[in-house]
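The values are calculated or read from the model by the stated rules, or taken from the named source; none is laboratory data. A quick note: this is a predicted structure, and the numbers were derived from the prediction, not measured. When we count neighbours, we look across all protein chains shown, and the Cβ atoms used for this are built from the backbone with ideal geometry, even at glycine. The accessibility values were calculated without ligands, DNA or RNA, using every heavy atom of the protein model including side chains. Shrake-Rupley method; radii C 1.70, N 1.55, O 1.52, S 1.80 Å.
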Amino acid sequence: MDLIKASLAEISQAVRTKKISALEVTKFFLERSKKLNPTLNAFICFDETAELQATAIDQKIYQGENPGPLAGVPWGIKDMFCTKGLKTTAASKILENFIPPYDATVVSQLKKNGAVILGKLNQDEFAMGSSNENSYFGAVKNPWNLNCVPGGSSGGSAAALATRMVPASTGTDTGGSIRQPANFCGVVGIKPTYGRISRYGIIAYASSLDQAGPLTNSVTDAALALELMCGKDMKDATCSSQPVPEWSKNLNSSMKSVRVGVLKEYMQDGGLHADVQKTVEKSLSELKALGAEIIEVSVPLTKYAVPMYYLIAASEASSNLSRYDGVRYGHRSNFQSLANLELGEFYSKTRGEGFGEEVKRRIMLGTYCLSSGYYEAYYNKAGQVRRLLRDQFIAAFNQCDVILSPVTAAPAFQLQERISDPLQMYLNDIFTVSTNLAGLPGMSVPFGFSEKKLPIGIQLMAAHFQEQKMLNVGLALESISGMKGLVANV
Ligand code: GLN
C-alpha cells in the first residue's frame with residue numbers, strides 16, 4: 001500500500017486486516033522522519049519505544065483483539081504534551097531534561113485507540129510565537145521553501161505532516177498555533193470549541209485560551225482524529241461534557257442552503273496580500289456556485305482582538321510559568337553552594353538562564369498587567385471586552401453557519417524577517433486570536449498556492465460546538481482545491 005497517500009482509516013484498516021503490520025508502518029515513517037529531520041528540524045526527539053509499541057499492536061491483532069480505529073497509525077506529538085517516560089521540553093531550556101511520569105489525556109486517548117507515538121515535535125518555546133523561531137532547539141523550516149518559516153507555534157507538527165514524516169500530528173492553539181502553521185504548510189489544522197479536548201497534561205501557556213487539536217492531510221482524517229481526541233475528562237474541570245458527535249461519519253459537502261458569513265472587519269482594511277485576497281475570493285465564489293449563500297456579517301470588537309489577546313495571554317502565562325523555579329523540576333542554575341544564597345538570586349539566575357527572550361518578554365508584560373493597581377485596568381478590562389466579543393460572535397452566528405476568512409494576511413514569510421520585531425510578529429495573529437478569545441472552533445484548509453508556490457489556507461469558524469458545520473464546508477473546499485494529500489518534496 002502507498003503509505004504516503006493513505007488516510008488514517010486506510011492505514012488502520014490495513015493493519016487490522018493484517019495487510020501490513022503496525023511494525024512495518026512504524027518502520028517506514030520512522031525511517032522517513034529520521035532521513036528528513038536534519039533538513040527540517042521538525043522533531044525534537046524520537047520515541048525509542050516506537051517499534052515496541054507497534055509490535056504490541058500487532059500482538060493484539062494476532063490475539064484477535066481490536067486495537068481501535070488508529071491501529072498502528074504513527075503520530076507525532078507536539079512537545080507541549082506530557083508523554084510518560086519520554087522527554088517533554090515545551091522547546092525550552094528550562095525543561096530540557098524533563099521526563100514526565102504520566103501521559104497527557106490526549107496522548108493516552110491516542111494510545112488507547114491504537115496510535116503509535118513516533119516522537120516529539122518542535123515548536124516555539126512554551127507555544128509562544130508565530131514562526132517557530134523561538135525554539136531552544138532551533139527553527140523549523142517550511143518544507144515548501146526552506147528559507148521560509150513553517151508558522152508557529154506548532155511548526156514541527158505542520159512541517160512533519162506536509163512531508164509525511166507522520167500521517168498525523170497533534171498541536172495546541174492558544175491564538176492560532178494550529179491553524180497558522182497548517183496554513184503555511186498546506187495541511188488541515190483544527191482547533192475545536194474551548195473545552196472539547198482535555199488540557200490535562202498539556203503544558204500550560206494561557207489556560208483560558210489553550211486548546212489542543214489535530215493536524216492532518218485531509219478533512220476526513222481531521223474529523224476522525226478530532227473525534228478521538230475530544231470528550232469529558234474528570235482531570236480537567238474546564239473540559240466539556242457535551243457529547244462528541246461522529247463527525248467523520250456525518251461529513252457532508254453539500255453546500256445547498258449553507259450560509260457562509262464574511263466578516264466585514266476582516267475584509268475591509270486592505271491589508272491583505274494579493275494572493276491571499278484572490279484565494280479568499282475564489283473560495284467564496286466556488287462555494288456560491290455550489291449553492292451556498294454568502295452573507296456579510298459584522299463583529300466590530302475584532303478590531304481589539306490582538307491587544308486583548310496579548311494582554312490576556314501574557315498575564316496567564318506569567319502566572320502559569322511561575323512554577324518553573326528550579327526547585328521541583330527543570331533547569332537549575334549551577335550554583336557552587338546553596339548555603340548563603342538569596343532565594344531571589346536563586347530564582348532569577350535559574351529562570352534567567354532557562355527561559356528564552358520571547359518567554360521573558362511575555363512574563364514581564366504579564367506580571368505588569370496583573371500587578372496591583374493595573375489588574376483592573378488591564379486584565380480585568382480585557383476580560384470584560386472579551387465577553388462582549390463572544391456575544392458579538394454569537395449574534396453573528398445567528399445569521400450564518402460558518403464564517404470564512406483568511407488565516408493570515410500573507411503566505412509564509414522568510415526566516416529572520418520578523419524575529420527582531422515582536423509587534424510585527426504579534427500582528428500575524430490578527431485573524432486567528434478571536435476564535436480563542438470567544439472559545440469558538442476554527443480550522444484551516446489548504447486552498448491554493450501563492451505566486452511564489454507557498455500554500456495558502458482558508459479559515460473557517462463556527463458557533464460553539466458546531467464543528468460539523470465547519471468540517472462540512474472544509475470538505476467542500478477540499479474537494480474543489482485539488483490540494484488534498486499534497487506532499488512537499490524536500
Ligand atoms: N502567536 C500566538 C502567540 O504567540 C499564538 C500562539 C499559540 O496559539 N500558541 O501567543
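How many residues are among the acidic types (Asp, Glu) and either touching a residue at least 12 places away in the same chain (Cβ under 8 Å) or open to solvent by less than 10 Å² (accessible area, probe 1.4 Å) (or both) when one looks only at the stretch 418-461?
Looking only at that region, the number is 2.
Does the stretch 22-35 contain at least one residue that is part of a helix (DSSP H, G or I), under 30 Å from VAL149 (Cβ atoms) and polar (S, T, N, Q)?
So far as the stretch 22-35 goes, yes, one or more of its residues are part of a helix (DSSP H, G or I), under 30 Å from VAL149 (Cβ atoms) and polar (S, T, N, Q).
Taking the condition of being among the aliphatic types (A, V, I, L, M) and either without any contact (Cβ under 8 Å) to a residue 24 or more places away in the chain or within 15 Å of the ligand (Cβ to nearest atom) (or both), how many residues in the stretch 210-230 meet it?
2
Might you let me know whether the stretch 97-112 holds any residue that is open to solvent by 10 Å² or more (accessible area, probe 1.4 Å), over 23 Å from LYS235 (Cβ atoms), more than 16 Å from the ligand (Cβ to nearest atom) and out of contact with any His (no Cβ under 6 Å at 6 or more places or on another chain)? First the steps, then the outcome.
Initial filter on the stretch 97-112 (open to solvent by 10 Å² or more (accessible area, probe 1.4 Å)): 97-99, 101-103, 105, 108-109, 111-112.
Narrowing further to those that are over 23 Å from LYS235 (Cβ atoms): 97.
Going one step further and asking which of them are more than 16 Å from the ligand (Cβ to nearest atom), we end up with 97.
Of the ones still in play, those that are also out of contact with any His (no Cβ under 6 Å at 6 or more places or on another chain) are 97.
The answer is yes; a qualifying residue exists.
Would you confirm, using the coordinates I've provided, whether VAL140 is open to solvent by less than 10 Å² (accessible area, probe 1.4 Å), of a type outside the set (S, T, N, Q), assigned to a loop (DSSP other than H, G, I, E, B) and touching a Gly at 6+ places or on another chain (Cβ under 9 Å)?
Answer is yes for this residue.
Yes/no per residue for (1) among the aliphatic types (A, V, I, L, M); (2) assigned to a loop (DSSP other than H, G, I, E, B); (3) touching a Gly at 6+ places or on another chain (Cβ under 7 Å); (4) buried (at least 24 other Cβ atoms within 10 Å of the Cβ):
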site: GLN123; (1), (2), (3), (4): no, yes, yes, yes
site: TYR136; (1), (2), (3), (4): no, yes, yes, no
site: PRO150; (1), (2), (3), (4): no, yes, no, yes
site: ALA158; (1), (2), (3), (4): yes, no, yes, yes
site: ALA182; (1), (2), (3), (4): yes, no, yes, yes
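Considering only the stretch 429-447, how many residues are within 10 Å of the ligand (Cβ to nearest atom) and in contact with a Phe, Trp or Tyr (Cβ under 8 Å, 6 or more places away or on another chain)?
The number of residues fulfilling the criteria is 3.
Whether any residue in the stretch 231-245 is touching a residue at least 12 places away in the same chain (Cβ under 8 Å), more than 21 Å from GLY457 (Cβ to Cβ) and within 16 Å of the ligand (Cβ to nearest atom) is what I want to check.
Among the residues of the stretch 231-245, not one is touching a residue at least 12 places away in the same chain (Cβ under 8 Å), more than 21 Å from GLY457 (Cβ to Cβ) and within 16 Å of the ligand (Cβ to nearest atom), which makes the answer no.
Could you grab the pairs with beta carbons closer than 6 Å, sequence gap of 6+ or different chains, first residue in the stretch 353-376 and more than 16 Å from ILE94 (Cα to Cα), second one within 14 Å of the ligand (Cβ to nearest atom) and of a type in the set (Ser, Thr, Tyr)?
Correct list of pairs: GLY366/SER315; GLY366/SER318; THR367/SER318; CYS369/SER315; LEU370/SER315.
Out of ALA382, ALA409, report the one residue that is aliphatic (A, V, I, L, M), over 20 Å from the mean Cα position of the chain (by Cα) and crowded, with 16+ Cβ neighbours inside 10 Å. Don't jump to the end; show me each part of the working.
Details: ALA409 fails: over 20 Å from the mean Cα position of the chain (by Cα).
Every option except ALA382 fails the conditions.
Would you call ILE197 within 16 Å of the ligand (Cβ to nearest atom), touching a strand residue (DSSP E or B) at 6+ places or on another chain (Cβ under 8 Å) and farther than 27 Å from THR279 by Cβ?
Details: within 16 Å of the ligand (Cβ to nearest atom): yes; touching a strand residue (DSSP E or B) at 6+ places or on another chain (Cβ under 8 Å): yes; farther than 27 Å from THR279 by Cβ: yes.
In short, yes.
Which of (1) crowded, with 21+ Cβ neighbours inside 10 Å; (2) within 13 Å of the ligand (Cβ to nearest atom) is the odd one out, the single condition SER207 does not satisfy?
(1)
All but one of (1) in a strand (DSSP E or B); (2) modelled with pLDDT under 95; (3) of a type in the set (Gly, Ala, Ser) hold for GLY330; which doesn't?
Only one criterion in (1) in a strand (DSSP E or B); (2) modelled with pLDDT under 95; (3) of a type in the set (Gly, Ala, Ser) is unmet by GLY330, namely (1).
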